[in-house]
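Novice: Below are the structure tokens for one structure; questions will follow.
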Amino acid sequence: MKRNNKKNERPKKYDVNRNKKFDKYKDNTAFDDGLQLEGRNPVLEAINNDRSIDKIFVRKGGIEGTLKVIVAKAGEKGIVVQEIDKEKMAAISQSNNNQGIIALCPAYEYCDVSDIIASARNKDEDPFIIVCDEITDPHNLGAIIRTAECCGAHGVIIPKRRAVGLTAVVSKTSAGAAELVPVARVTNIARTVEELKKENIWVVCADMQGREYFNSDLKGPIALVIGSEGTGVSELVKKKSDFTVGIPMYGKIGSLNASVSAGLIMYEIVRQRKFK
């Protein structure tokens, strides 16, 4: 692809009436066909953005401050709010940092890659997409989604296998951004890279051996590929990308956390787009 842009079956609804007991969740496993949002920011963002919520659990005796605001807004929208004791809250929680509130939602509805591209072009903007290649740490994925939202990225792409999906921990770490950023889940990242290139989107891969990211041309339609915490971007995906960029290391540790690396490069893309 020649660069010429110098400017460059719908998921089932979670049924809160199913006869399930709290002790089934003491092993912190996810609800079978629903998504848990944990923490004040994620739940508040979900309510503010009219996300479908089946029920909200709040810790008994702790409804004050932000929780009081959330409960009031939930009441205005007809969302059932139930107070439960500390032990039951702990049994349900998946993140171990629920801040006294958990929302049960229908399963997250992933979008298609084409939806992300169309959204950018409908705004008359060059697509800006983050591709996560086998990110397994939910905290990293949550942080990447949060930064993507702050940067104005149009969407995030994740693989279906050998990677974390949109779990309660991801949602909590994203501070509500998972409710705002479209996320597509694909079967094959390498094939998706080829599809992005056919859409005239430049695919840049983060790699330790790549050219310094601040000396690279990151303008125009672009997809940034971030690799897994341990092995980085797979060789096949790297080979199919248009070029690689790296972050120079000046200390004794040879690499950065995946979400930190993603954040640095994302904001360099923003700098080149906004401050020419």
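The values are calculated or read from the model by the stated rules, or taken from the named source; none is laboratory data. Every value quoted in this text rests on a predicted model; they were computed, and no experiment measured them. For neighbour counting, all protein chains shown are included, and Cβ atoms are generated from backbone atoms with ideal geometry for every residue, glycine included.
Novice: Considering only residues that are modelled with pLDDT under 95 and touching an Asp or Glu at 6+ places or on another chain (Cβ under 7 Å), look in the range 215-237 and name the one that is surrounded by the fewest Cβ atoms within 10 Å (Cβ to Cβ).
Specialist: Glu229
Novice: Still on this structure: Go through the range 179-193 and give me each residue that's touching a strand residue (DSSP E or B) at 6+ places or on another chain (Cβ under 9 Å) and under 19 Å from Arg161 (Cα atoms).
Specialist: Step one: filter the range 179-193 for residues touching a strand residue (DSSP E or B) at 6+ places or on another chain (Cβ under 9 Å), giving 179, 181-189, 192-193.
Matches in the range 179-193: Pro182, Val183, Ala184, Arg185, Val186, Thr187, Asn188, Ile189, Thr192, Val193.
Novice: Another question, then. Going through the range 59-73 one residue at a time, which ones are at pLDDT 90 or above and touching a helix residue (DSSP H, G or I) at 6+ places or on another chain (Cβ under 6 Å)?
Specialist: Matches in the range 59-73: Arg59, Ile70, Lys73.
Novice: Sort through Ile144, Ile116 and tell me the only one that's in a helix (DSSP H, G or I) and touching a His at 6+ places or on another chain (Cβ under 7 Å). Break it down stepwise before answering.
Specialist: Numbers: Ile144 fails: touching a His at 6+ places or on another chain (Cβ under 7 Å).
None of the others qualify; the one that does is Ile116.
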